[in-house]
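Here's the structure we're looking at; comments come further down.
The values are calculated or read from the model by the stated rules, or taken from the named source; none is laboratory data. Everything quoted here is computed from the prediction, not taken from an experiment. Note that we place each Cβ from the backbone using ideal geometry, even for glycine, and neighbour counts take in every protein chain shown. Just so you know, the surface numbers come from the protein's heavy atoms only, side chains and all, with ligands and any DNA or RNA stripped out. Shrake-Rupley method; radii C 1.70, N 1.55, O 1.52, S 1.80 Å.
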Amino acid sequence: MDRNIRTIDDVLKLLDGLFAPEADRWTVDAGNWWDGFYADRDRAVPFFVAKPDESLVSYLDRGLIAPGRALDLGCGPGRNALELASRGWTVDAVDLSPAAIAWAEERAREAGADITFHRGDAFDSAAVELSGPYDLIYDSGCFHHLPPHRRISYLALVDRLLAVGGHLALNCFAAGEMGSELSDADYYRQSALHGGLAYTAESLRWIFAALTEVELRRMHDEPPESPYFGEPFLWSALFARDVRTPSREEPEK
Ligand SMILES: C[S@@+](CC[C@H](N)C(=O)[O-])C[C@H]1O[C@@H](n2cnc3c(N)ncnc32)[C@H](O)[C@@H]1O
């Protein structure tokens, strides 16, 4: 007889375990799933290109964010971490997948960029030691792969690591364009995340209500010859941690 639940963390882990190991990107073995995903670097995966997000470049060029300490959350092969480093940021980058980190390290070495890489689950502070405060938490494509209950861990990470006056920049699947539109409860009923969750602009505003919206728009569609990455099926959201905003207020739905 198992009696496993004593803390919120125990509940989160129990919910993690409801997703079948081979079925999706969020499992106890998710690092392995992503390692397989990155095994063939020649596959035509849009974000395998060595180009930064057009949204990131736009924030930088417009002075919406200014150099400081950045965390690239779910950095993959590191294309945005590299851009930030080249623009004078001090960059930490974390990813669950050793293969992604190895690729990002190679790219950083080739570019002569000084980036501190961390391997492991960004939301497990016992496994990955990230020390804030960061002026920017940058997430291109990680959030939408998390199961609903891990939003709690995501918000806790932002709360713990984002500097007052700092920014969270997020690119995630836009409902109607990409990602699964099941209700939160149905992911648990079906034990699958179906390749990632779609979000509406309203749902993002609700989830990140403790932050101040700076900009929320669709990512621009960048043609193949563009020096930037851009896919219109993604939201590009920039939120600020306002001095006046309490970090963990309970938003009304
Ligand atoms: C769609 S990929 C995007 C990669 C990269 N940000 C880019 O845009 O090129 C999502 C990444 O999030 C990482 N990831 C997912 N869950 C994570 C977690 N709990 N901690 C750290 N990284 C995670 C995956 O390993 C994967 O590399």
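Just a few scattered comments:
- Residues of region 48-67 satisfying the condition of being surrounded by fewer than 17 Cβ atoms within 10 Å (Cβ to Cβ) and farther than 16 Å from A102 by Cα: D61, R62, G63, L64, A66, P67
- All positions within region 120-171 that are open to solvent by less than 10 Å² (accessible area, probe 1.4 Å), within 11 Å of the ligand (Cβ to nearest atom) and not hydrophobic (A, V, I, L, M, F, W, C): Y138, D139, H144, P147, Y154, N171
- Of all residues in region 34-54, one or more are of a type in the set (G, A, S), farther than 21 Å from R218 by Cβ and assigned to a helix (DSSP H, G or I).
- Test: D92 is open to solvent by 10 Å² or more (accessible area, probe 1.4 Å), in a strand (DSSP E or B) and modelled with pLDDT of 95 or more: yes
- Restricted to region 57-92, and to residues there that are within 16 Å of the ligand (Cβ to nearest atom) and among the polar types (S, T, N, Q), the residue that is nearest to W34 (Cα to Cα) is N80.
- Elements of type helices (runs of 4 or more DSSP H) in region 149-226, at least 3 residues being under 23 Å from D9 (Cβ atoms): 150-161, 184-190
- G112 meets each of the listed conditions (1) touching a residue at least 12 places away in the same chain (Cβ under 8 Å); (2) more than 10 Å from the ligand (Cβ to nearest atom); (3) open to solvent by 10 Å² or more (accessible area, probe 1.4 Å) apart from (1).
- When residues in region 172-202 are screened for being within 25 Å of D16 (Cβ to Cβ), exposed (fewer than 15 other Cβ atoms within 10 Å of the Cβ) and among the small types (G, A, S), 4 of them pass.
- Qualifying residue in region 46-62 (condition: more than 16 Å from R107 (Cα to Cα) and modelled with pLDDT under 95): yes
- Scanning region 110-138 for residues that are farther than 23 Å from Y59 by Cβ and not in a strand (DSSP E or B) returns E110, G112, G120, D121, F123, D124, S125, A126, A127, V128, E129, S131.
- Meets criteria (away from the ligand (no atom under 11 Å from the Cβ), farther than 28 Å from G165 by Cβ, out of contact with any Gly (no Cβ under 6 Å at 6 or more places or on another chain) and assigned to a loop (DSSP other than H, G, I, E, B)) for D2: yes
- Note on region 210-239: residues that are more than 17 Å from the chain's Cα centre (by Cα), closer than 24 Å to L162 by Cα and open to solvent by less than 30 Å² (accessible area, probe 1.4 Å) amount to 1.
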